[in-house]
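A.B. asks: Structure provided below as structure tokens; questions to follow.
The values are calculated or read from the model by the stated rules, or taken from the named source; none is laboratory data. Remember, predicted model here, so these are calculated numbers, not experimental data. With ideal geometry, Cβ positions are generated from the backbone for all residues, glycine too; neighbour counts draw on all protein chains shown.
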Amino acid sequence: MLRPDPLSDGVALIILFFDQLTKYLVRGFLYQGQSVVFVPRFLYLTYIKNPGISFGLFKGKIPFLFYLLLSLLAIGMLVIFLQKAQRNQAQRIATGLITGGILGNLIDRARFGAVIDFLDFRVWPIFNLADSAITIGIIILLVWEIKK
């Protein structure tokens, strides 16, 4: 039987809230394609809509239903993983980060047909907080697995 996990669920909700808040602010203060300096020579805020998957791959080639099914599959796998895992704090936080990030980007796809991206370091494709949460969560899980 699936048991709720307050830590993982709480982290997911926090990530989802801040992801959607930052995207709301970007949409409210920037026009699409606009870029402003946030930290000189380091970080720019650049508002783009990414209709593809990570790094803009497959733009317009994959239907929303595919993203929905893939997202639900990933969340389902995380829930099963968390139920079977040792349920240590690192794993619980990591699954919350990943789940919150997946949900944040899925909401964008459902609302806008694309993911809102805005963090621009000029040496990497533009991304958002949800992408960051997913990446950090995966790194935590990988490090945990390697250390076992």
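A.B. asks: Determine whether the stretch 101-124 contains at least one residue that is free of Cβ contacts under 8 Å to residues at least 12 places away in the same chain, in a strand (DSSP E or B), buried (at least 16 other Cβ atoms within 10 Å of the Cβ) and out of contact with any helix residue (DSSP H, G or I) (no Cβ under 8 Å at 6 or more places or on another chain).
C.D. replies: Taking the stretch 101-124 and keeping what is free of Cβ contacts under 8 Å to residues at least 12 places away in the same chain, we get 111, 123-124.
Imposing the further condition that a residue be in a strand (DSSP E or B) reduces the set to none.
Within the stretch 101-124, none of the residues are free of Cβ contacts under 8 Å to residues at least 12 places away in the same chain, in a strand (DSSP E or B), buried (at least 16 other Cβ atoms within 10 Å of the Cβ) and out of contact with any helix residue (DSSP H, G or I) (no Cβ under 8 Å at 6 or more places or on another chain).
A.B. asks: Could you identify the single residue in Pro63, Pro51 that is without any contact (Cβ under 8 Å) to a residue 24 or more places away in the chain and not charged (D, E, K, R)?
C.D. replies: So the residue among Pro63, Pro51 that is without any contact (Cβ under 8 Å) to a residue 24 or more places away in the chain and not charged (D, E, K, R) is Pro63.
A.B. asks: List the residue pairs whose Cβ atoms are under 6 Å apart, where the first residue sits in the stretch 69-86 and is part of a helix (DSSP H, G or I) and modelled with pLDDT of 75 or more, the second is of a type outside the set (A, V, I, L, M, F, W, C) and surrounded by 11 or more Cβ atoms within 10 Å (Cβ to Cβ), and the two are 6 or more positions apart or on different chains.
C.D. replies: Ile75/Thr99; Leu78/Thr95; Leu78/Thr99
A.B. asks: Residues that are in contact with a strand residue (DSSP E or B) (Cβ under 8 Å, 6 or more places away or on another chain) and either modelled with pLDDT under 85 or not acidic (Asp, Glu) (or both): does the stretch 104-111 have at least one?
C.D. replies: So far as the stretch 104-111 goes, yes, one or more of its residues are in contact with a strand residue (DSSP E or B) (Cβ under 8 Å, 6 or more places away or on another chain) and either modelled with pLDDT under 85 or not acidic (Asp, Glu) (or both).
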